[in-house]
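Below is one structure; the comments refer to it alone.
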Amino acid sequence: MDDQERARQGMAVRRAVLGDAHVDRAERSKSEFTEPFQDFITRYAWGDVWSRPGLEKTERSIVTLTVLAALQHEGELAMHVKAALRNGLTREQIQEVLLQTGVYAGVPTANRAFAIADRAIREWDDEQAG
């Protein structure tokens, strides 16, 4: 697959996982300085890794939530909680992922991740209702 096809595929997967509203905001806010990075993540994170057949999107969401919570990447965690719901994870599964993360990454890390996830889930519910 060439870079152009990888970019097309990546944009489709990125939109499916993160939602059109998020991707549209990211596209509108990119600058000459940030465009190379946006292109990079679209082609490689979304067009290559997230597009591989080895894991379902729900499984990729589980891995992503775990890593983002453990590394305390709060903004990305909130975004990917919503993506996990879009991908079909249930609230109960997200809860289990964060409990598991707490065992291995620590209670303070999981405590913060639960607060972020709770807020993201409430926002998700509001977005779906509105």
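Please go through the stretch 87-119 and pick out each residue that is surrounded by 18 or more Cβ atoms within 10 Å (Cβ to Cβ), under 17 Å from Val17 (Cα atoms) and in contact with a Ser or Thr (Cβ under 9 Å, 6 or more places away or on another chain). So that I can check it myself, show each step before the final result.
Quick first cut of the stretch 87-119, residues surrounded by 18 or more Cβ atoms within 10 Å (Cβ to Cβ) only: 87, 89, 94, 97-98, 101-102, 105, 110, 113, 116-117.
Now restrict to residues that are under 17 Å from Val17 (Cα atoms): 87, 89, 94, 117.
Answer for the stretch 87-119, where residues must be surrounded by 18 or more Cβ atoms within 10 Å (Cβ to Cβ), under 17 Å from Val17 (Cα atoms) and in contact with a Ser or Thr (Cβ under 9 Å, 6 or more places away or on another chain): Asn87, Leu89, Ile94.
Would you tally the residues in the stretch 120-130 being of a type in the set (Asp, Glu) and exposed (fewer than 11 other Cβ atoms within 10 Å of the Cβ)?
First, the residues of the stretch 120-130 that are of a type in the set (Asp, Glu): 123, 125-127.
Next, from what is left, pick out any that are exposed (fewer than 11 other Cβ atoms within 10 Å of the Cβ): 126.
Here the count works out to 1.
Ser29: of a type in the set (S, T, N, Q), exposed (fewer than 15 other Cβ atoms within 10 Å of the Cβ) and modelled with pLDDT of 95 or more, yes or no? Reasoning before the result, please.
On the way: of a type in the set (S, T, N, Q): yes; exposed (fewer than 15 other Cβ atoms within 10 Å of the Cβ): yes; modelled with pLDDT of 95 or more: yes.
Yes.
One residue is enough: does the stretch 113-128 have a residue meeting the conditions of a type in the set (S, T, N, Q) and on the phi > 0 side of the Ramachandran plot? Reasoning before the result, please.
Narrowing the stretch 113-128 to residues of a type in the set (S, T, N, Q): 128.
From the residues that got through so far, the ones that are on the phi > 0 side of the Ramachandran plot too are none.
No.
Among (1) under 21 Å from Ala12 (Cα atoms); (2) of a type in the set (A, V, I, L, M); (3) without any contact (Cβ under 8 Å) to a residue 60 or more places away in the chain, which single condition is Ala83 missing?
Exception for Ala83: condition (3).
Please tell me if Val81 is surrounded by fewer than 18 Cβ atoms within 10 Å (Cβ to Cβ) and in a helix (DSSP H, G or I). Quick ask: steps written out before the conclusion?
Numbers: surrounded by fewer than 18 Cβ atoms within 10 Å (Cβ to Cβ): no; in a helix (DSSP H, G or I): yes.
Answer is no for this residue.
The values are calculated or read from the model by the stated rules, or taken from the named source; none is laboratory data. From a predicted model like this one, the values you see are computed outputs, not experimental measurements. Note that we place each Cβ from the backbone using ideal geometry, even for glycine, and neighbour counts take in every protein chain shown.
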